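Asker: Structure provided below as structure tokens; questions to follow.
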Amino acid sequence: MPNYLPDSQLQDCETWAREDSAYHIEADLQLACSLSHHIVPQLAKVTSALPVSQQIYELDRLDSVMEKHLQHWFSVESPSGLSQVARVVLKGWALEGAFRVKQVRFERFPSDETRADAIFAAISFIEQMKLVATSGYLRFISDDAAIVLSRAGLFFSKIFNDVPSTLKALIVQSMTMVHSFCTESSRGDPELTAAFVARFFGGLLSTLKAESRAQSPAAVIAEATSIPIASSEGHTQAEDFNFDLVSLPNSCLIVRQSKVPDMARMVSSKVMQSQAWTTLNH
């Protein structure tokens, strides 16, 4: 392997990028933004070989790094100097990094709460990638996007049977969203990377549909929460999936209450937190 500069020797890239603002070289700011959340090598060191207390400390620290990064570069109150398109794309990568930290935390310390945190982080990432696709830039980053989107899809498929109906509805909505914007980005060319990703998510959705029908849930509707679902073309809608959901004419789903009341309350809280975070950062 070639020599490289250790993370410990990296200087403050943002200070360097802003040293002479008269030139305003946005590429330097984009590089500084990317490097300021370069956490993959650090996250790879958080293994089960470490003491539990150290694993928790490192994951808390990386969570904090990502929260500060998102607030610093993408909040309305903190203009970054990045163009609108750059903000959209770079925020997508940042949210993917935040999801990755949550996913590792769930894998190390599985619980209802860590699973829900990872799910909502993945949903935020996917919603941002839809904006990337809408801006027309998905085709320029299609290879990298295919990897990170597929990772989110596999995560959803692995935990799907372990979550309540409320979260299942949100997962289906997000996976359908990926299928939709990747289908649109492929522009009818089946050989483009986006088309492969669309087919991958279509396969995942079909598998989840089959598994859900096989389970034949028999719960009775008690309390209900309505969740708006995004429209999608080219694949089965979320309401076509037998996820113990009842379709309504106003394009909403009524979801049967979770069998675990604490989980239902936690999911409701997470939904509100996610909506508040989205409002803050758009």
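Asker: 7 Å from Cα along Cα→Cβ at both Asp60 and Arg139: what's the point-to-point distance in nm?
Answerer: Going by the 7 Å Cα→Cβ label model, 4.8 nm.
Asker: Among Val197, Val65, which comes first, second and so on when ranked by fewest other beta-carbon atoms within 10 Å?
Answerer: Exposure proxy ranking, most exposed first: Val65, Val197.
Asker: Turning to a different aspect of this structure: My understanding is that a pair violates if its Cα-Cα distance is over 26 Å; which of Lys45/Lys102; Lys45/Lys68; Lys130/Lys168; Lys45/Lys130; Lys91/Lys209 do that in this structure?
Answerer: Lys45/Lys130; Lys91/Lys209
Here, each number is a calculation from the coordinates, and none is a lab measurement. Everything numeric in this text was worked out from a predicted model, so none of it was measured. Positions of Cβ are generated from backbone atoms using ideal geometry, with glycine treated the same way; all protein chains shown enter the neighbour counts.
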